[in-house]
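S.K.: Submitted below is the structure of interest, expressed as structure tokens.
The values are calculated or read from the model by the stated rules, or taken from the named source; none is laboratory data. The model shown is predicted, which means the values in this text are computed figures rather than measured ones. Heads up, the Cβs are rebuilt from the backbone with ideal geometry, glycines too, and the neighbour counts pull from every protein chain shown. All accessible areas refer to the heavy atoms of the entire protein, side chains included, with ligands and DNA or RNA removed. Shrake-Rupley method; radii C 1.70, N 1.55, O 1.52, S 1.80 Å.
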Amino acid sequence: MTTTPHILLIDDEVDFTELTAALLRFYDFTVTTLNDAAHAMATLDLQPVQLVVTDLMMPQVDGMQLIQQLRERPTTATVPILTLTAKVLTDSERKFLLQHRVVVLTKPFEPQRLVDQIRQLLCSG
């Protein structure tokens, strides 16, 4: 029996989160969604995941802060992270994401490209 990979999907845009979660569930991923990165650590304490997919631009705790928190915790330090963003990244943001081993997928993207990127991260992680 094979277990389905569990993904934490975080984006402050509710419609985007629901649509993306439906897509991932169609491809047999287990998905937990949040529309606020401030609750990500508490959620991860209750339910470990194999991958975090997050937006960068969010209120309260943004994606960069979340990534920093994930990498600082022993339980999430090696969890693959994929960020979905429409933001034009600065050189320092690109450097930060590279240093923290984060894969970036620019919005808008083809749904199959997201699924393929997630599968690749799960196989290599």
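S.K.: Find all pairs meeting these conditions: Cβ atoms under 6 angstrom apart; at least six residues apart or on different chains; first residue within segment 71-85 and touching a residue at least 40 places away in the same chain (Cβ under 8 Å) and of a type outside the set (Lys, Arg); second residue buried (at least 19 other Cβ atoms within 10 Å of the Cβ) and not in a strand (DSSP E or B).
M.R.: Pro80/Leu121
S.K.: Next up: Pick from segment 40-55 the residues that are at pLDDT 95 or above and assigned to a loop (DSSP other than H, G, I, E, B): which of them is most open to solvent (accessible area, probe 1.4 Å)?
M.R.: Step by step, filter segment 40-55, then rank; the result is Gln50.
S.K.: While we're looking at this one, here's another question. Against the definition (at pLDDT below 95 and acidic (Asp, Glu)), how does Asp36 come out, yes or no?
M.R.: It is true that Asp36 is at pLDDT below 95 and acidic (Asp, Glu).
S.K.: I'd like the residue in segment 1-23 that is farther than 18 Å from Phe109 by Cβ and not in a strand (DSSP E or B) and, out of all such residues, is most open to solvent (accessible area, probe 1.4 Å).
M.R.: Restricting to residues being farther than 18 Å from Phe109 by Cβ and not in a strand (DSSP E or B), the top hit is Met1.
S.K.: Scan segment 98-125 for residues that are free of Cβ contacts under 8 Å to residues at least 24 places away in the same chain and outside any loop (DSSP other than H, G, I, E, B) and jot them down.
M.R.: The answer is Leu98, Gln99, Val103, Val104, Leu105, Thr106, Gln112, Arg113, Asp116, Arg119, Gln120, Cys123.
S.K.: Going by the structure shown, is Gln69 part of a helix (DSSP H, G or I) and open to solvent by 60 Å² or more (accessible area, probe 1.4 Å)?
M.R.: Details: part of a helix (DSSP H, G or I): yes; open to solvent by 60 Å² or more (accessible area, probe 1.4 Å): yes.
When the stated conditions are applied, Gln69 passes them.
S.K.: Let me ask something else. Inside segment 72-89, can you point out the residues that are surrounded by fewer than 19 Cβ atoms within 10 Å (Cβ to Cβ) and more than 14 Å from Ala40 (Cβ to Cβ)?
M.R.: Listed by number, the residues that qualify are Pro74, Ala77, Thr78, Thr85, Ala86, Lys87, Val88, Leu89.
S.K.: Would you confirm whether or not segment 24-39 contains a residue that is in contact with a Leu (Cβ under 8 Å, 6 or more places away or on another chain), of a type outside the set (D, E, K, R), loosely packed, with under 12 Cβ neighbours inside 10 Å and not in a helix (DSSP H, G or I)? Please lay out each step first, then the result.
M.R.: First, pick out the residues of segment 24-39 that are in contact with a Leu (Cβ under 8 Å, 6 or more places away or on another chain): 24, 31-34, 37.
Checking the rest, the ones that are also of a type outside the set (D, E, K, R) come to 24, 31-34, 37.
So of that shortlist, the ones also loosely packed, with under 12 Cβ neighbours inside 10 Å come out as none.
No: zero hits.
S.K.: OK, next. What single numbered condition from (1) assigned to a loop (DSSP other than H, G, I, E, B); (2) among the β-branched types (Val, Ile, Thr); (3) in contact (Cβ under 8 Å) with a residue 40 or more places away in the chain fails to hold for Val61?
M.R.: Only one criterion in (1) assigned to a loop (DSSP other than H, G, I, E, B); (2) among the β-branched types (Val, Ile, Thr); (3) in contact (Cβ under 8 Å) with a residue 40 or more places away in the chain is unmet by Val61, namely (3).
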